[in-house]
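What follows is a set of notes on a single structure, which appears directly below.
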Amino acid sequence: MAEPIQMRRDLSADFPEPSWPEGVVPVLFSETMAPELHTLLTAAYCKGEGDVSDFETWWHATRTDPEYDAELMLVAQGPNGALVGLAHCWNSAFLKDFAVLPGWRRQGIGEALLLRSFEACRNRYRTAIDLKVKPDNLAAIRLYRRVGFVPLD
């Protein structure tokens, strides 16, 4: 299996305010959302774009990790109240998980979540945000490049 591509976005460069599709809004994370977010990650990663363990393992590892901060769980909610996207950043300005439900992709939700993650990390005095992406996840790589991520050598 090919090694993931490491990418970085300089946060000193300007970026626009997030623009949300009609009916989709950012919402504050609550731990009660954890089961639904796990389901979202499982659905979003079902074709191999990412990996997520079973709920108990994932949630325990997430909330007990020293890099975890609930304020960096950036969530998008659809018009029906369902959670449709997640950008989960660590304190070190690393994008740990990033997912939009398959039926909600290509509407601007992912870009809006990324822009929110840039703002959240910059507000914590971070100068860059990093991520890793599987090299065959071409749609994600295109999105990351569009918002200013560049591969690290």
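Quick notes
- Within segment 52-71, the set of residues being of a type in the set (Asp, Glu), under 23 Å from Arg116 (Cβ atoms) and free of Cβ contacts under 8 Å to residues at least 40 places away in the same chain comprises Asp65, Glu67, Asp69.
Every residue, every condition in (1) under 15 Å from the mean Cα position of the chain (by Cα); (2) modelled with pLDDT of 95 or more, yes or no:
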{"site": "Glu3", "(1), (2)": "no, no"}
{"site": "Arg8", "(1), (2)": "yes, yes"}
{"site": "Val24", "(1), (2)": "no, yes"}
{"site": "Thr32", "(1), (2)": "no, yes"}
{"site": "Leu40", "(1), (2)": "yes, no"}
{"site": "Gly48", "(1), (2)": "no, no"}
{"site": "Asp51", "(1), (2)": "yes, no"}
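- Hits in segment 121-153 - residues which are of a type in the set (A, V, I, L, M, F, W, C), assigned to a helix (DSSP H, G or I) and either closer than 27 Å to Ala70 by Cα or without any contact (Cβ under 8 Å) to a residue 12 or more places away in the chain (or both): Cys121, Leu138, Ala140, Ile141, Leu143
- Ala44 at pLDDT below 95, under 22 Å from Arg105 (Cα atoms), touching a Leu at 6+ places or on another chain (Cβ under 9 Å) and not aromatic (Phe, Trp, Tyr): yes
- Strands (runs of 3 or more DSSP E) fully within segment 9-109 counting 2 or more residues that are crowded, with 17+ Cβ neighbours inside 10 Å: 73-77, 83-89, 95-100
The values are calculated or read from the model by the stated rules, or taken from the named source; none is laboratory data. On a predicted model such as this, the values are computed, not experimentally measured, just so you know. As a convention, Cβ positions derive from the backbone with ideal geometry for all residues, glycine included, and neighbour counts pool all protein chains shown.
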